[in-house]
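Down below is the structure, laid out as structure tokens.
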Amino acid sequence: MSTQNLSSVAVHVIGQYNEAGKTLVSAYRTGAHRVLGGVASRFTRVQKATDFLASRLDIDTSRVVNVMDRVAAASTNGIEAVAGRAAQIESPVVTSVMNTVTTLNLPIATLSAQLADKVAEGAKAIEVRVSGTTPAKVVRTVKAKAKTVRRAVRKAV
């Protein structure tokens, strides 16, 4: 049924934004640890303070991730509950209205899902940049025809 398609797109969007949020939190944590590590290496007297800040950073970011997971789970459960209830409706008029609403909203929901995918990709790119590692690149093999290249040679005057 088309209602299930709309709900699956909505659940996908929630999952992608949740993943993007957690990725950004991870990038924040990595960047902050790099800063704290740099400060600790330059100033040995502040080692205790940077260790304390690093531990608080880990605790607080893990709490943020837990809250994000709870919100995503609650949202997903709500969407699935509404979709389940909608599937139980047997009235032909209500089913027709729901199908019409779904048909009108599905392109927008699909666009929203594509946007969520791009946001998640961007968040991963930020995380890779902050961590200082290079992402694994997809290698493509391209076959090209051999061409003879002629270059103009300038003659000295």
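Data table
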quantity: Hypothetical label at Gln114: residues of segment 19-54 whose amide nitrogen lies under 18 Å (7 Å Cα-Cβ projection); calculated: none
quantity: Stretchable slack from Ser41 to Ser131, in nm (0.36 nm times residue separation minus alpha-carbon distance); calculated: 30.6 nm
quantity: R0 of 25 Å, Cβ-Cβ distance Ile89-Val65: FRET efficiency to nearest 0.05; calculated: 0.10
quantity: Compactness relative to 2.2 N^0.38 Å, alpha carbon Rg of segment 1-143; calculated: 1.51
quantity: Restricting segment 1-91 to GluC sites (Glu not before Pro) in coil, as DSSP defines it, with at most 13 other Cβ within 10 Å; calculated: Glu90
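Where a number appears in this text, it was derived from the coordinates with a stated rule and is not lab data. Values in this document were obtained by computation on a predicted structure and should not be read as measured data. Don't worry about glycine lacking a Cβ; one is built from the backbone with ideal geometry, like all the others, and counts go over all protein chains shown.
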